[in-house]
Amino acid sequence: MKTAKLCIIALSVILLCACAGTKSAQTSEEKNDENIFSGKLDKMPRFKGSDLDYFRTWVIRNIIYPKLDYSLDGFEYVVEKSVTASFVIEENGRLSDIKLISGVGGLLDNEVIRVLQRSPRWRPGRYRGEPVSVRIILTMSL
């Protein structure tokens, strides 16, 4: 009986410690994103006066594809992959915090990051007339 009570107390302590660790990890993530606007914007960020689809096209056109050999039995096969990237459009229109959420690996992932880093300035999103930083998640079929 005493052993059962001790086991329950020990498990409770372990669960409390695990929950406390999870909460502190969430808090540190929230601190990283505390300057990024997450509500409804008055105006979405604009790339060269256009929308996110135009930017997606710009990225794809500016990628220098690494030479890959996908030939089998004398036939060439086209391999289409998608890449999902996350980035922040800052109040000044620059991109920052560029990360790949999912990629194809290797040289092509590096190339997508290179192109995103060289993006021209955007017109930032606005809330109540003021520019705000906005996180964007963009999926591209390459």
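The values are calculated or read from the model by the stated rules, or taken from the named source; none is laboratory data. Everything numeric in this text was worked out from a predicted model, so none of it was measured. Cβ placement follows ideal geometry from the backbone for every residue including glycine, while neighbour counts extend to all protein chains displayed.
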query: If the Cβ limit is 9 Å and pairs must be 6+ apart or interchain, which residue in segment 39-54 that is closer than 12 Å to G93 by Cβ pairs with which residue that is surrounded by 12 or more Cβ atoms within 10 Å (Cβ to Cβ) and among the polar types (S, T, N, Q)?
result: F47/S119
field: Output for segment 101-128, where each listed residue is surrounded by fewer than 14 Cβ atoms within 10 Å (Cβ to Cβ) and either small (G, A, S) or not assigned by TED's automatic domain parsing to the domain that holds K48 (or both)
entry: S102, G105, G106
- prompt: If you scan segment 117-134, which residues turn out to be more than 11 Å from V88 (Cβ to Cβ) and touching a Leu at 6+ places or on another chain (Cβ under 8 Å)?
  reply: Q117, S119, R126, Y127
Any chance Y65 is in a loop (DSSP other than H, G, I, E, B), modelled with pLDDT of 60 or more and hydroxyl-bearing (S, T, Y): yes
field: Where a residue in segment 74-91 is closer than 18 Å to R114 by Cα and its partner, wherever it lies, is at pLDDT below 95 and of a type in the set (D, E, K, R), with Cβ under 8 Å and at least six apart
entry: V83/D109
task: Could you tell me whether segment 87-100 includes any residue that is in the same structural domain as G39 (by TED's automatic domain parsing), loosely packed, with under 14 Cβ neighbours inside 10 Å and either at pLDDT below 95 or touching a helix residue (DSSP H, G or I) at 6+ places or on another chain (Cβ under 7 Å) (or both)?
output: no
- prompt: Out of all the residues in segment 40-56, is one or more small (G, A, S) and modelled with pLDDT under 60?
  reply: no
